[in-house]
Amino acid sequence: MESEEAILALSALAQPTRLDVFRLLMEHEPHGLPAGEIARRMAVPHNTMSSHLAVMTRAGLIGAERQSRSIIYRARLGAARALAAFLVKDCCGGRPEICAPLIAELSPCCPPAMTAAKEAAHD
């Protein structure tokens, strides 16, 4: 990710409703949510929500897919990963012991299927 892309993504997230929507979409991966449902959950008028979704789409943070009469929005996990990596790329001057708490905080909330299967086998 280049600085310009990071600035675009960060500026899109620097608005409370858009940040809340992005976090909501992250919670609903991989299925996403219809635009109307997002607007309802955020208690934001549909036309206002449409503008917010357009800003985040242009920033590359979310994607949209038409399903019948609905448009389903999803967080672009690769974009979120790239943004986080950009922010911490040169973390701690090469001293991993300083970065350990940060890396632990960025660890996924759900273990990958292989890891979960291995842990279950050891229980």
task: Consider Ala84 carefully, then state whether it is surrounded by 14 or more Cβ atoms within 10 Å (Cβ to Cβ) and either without any contact (Cβ under 8 Å) to a residue 40 or more places away in the chain or polar (S, T, N, Q) (or both).
output: no
message: Name the single residue that is farthest from the chain's Cα centre (by Cα) among those in region 44-61 being hydrophobic (A, V, I, L, M, F, W, C), surrounded by 18 or more Cβ atoms within 10 Å (Cβ to Cβ) and farther than 13 Å from Leu10 by Cα.
response: Met49
- prompt: How many residues are assigned to a helix (DSSP H, G or I), more than 17 Å from Ala43 (Cβ to Cβ) and more than 13 Å from the chain's Cα centre (by Cα) if we restrict to region 2-30?
  reply: 7
message: As an exercise: evaluate Pro34 against (1) surrounded by fewer than 17 Cβ atoms within 10 Å (Cβ to Cβ); (2) out of contact with any Ser or Thr (no Cβ under 7 Å at 6 or more places or on another chain) and give the number of the one condition it does not meet.
response: (2)
- request: Determine, yes or no, whether Val55 is in a helix (DSSP H, G or I), under 27 Å from Ser107 (Cα atoms) and at pLDDT 95 or above.
  value: no
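The values are calculated or read from the model by the stated rules, or taken from the named source; none is laboratory data. Small disclaimer: the values here were computed from a predicted structure and weren't measured. Neighbour counts run over all protein chains shown; Cβ positions are idealised from the backbone, glycine included.
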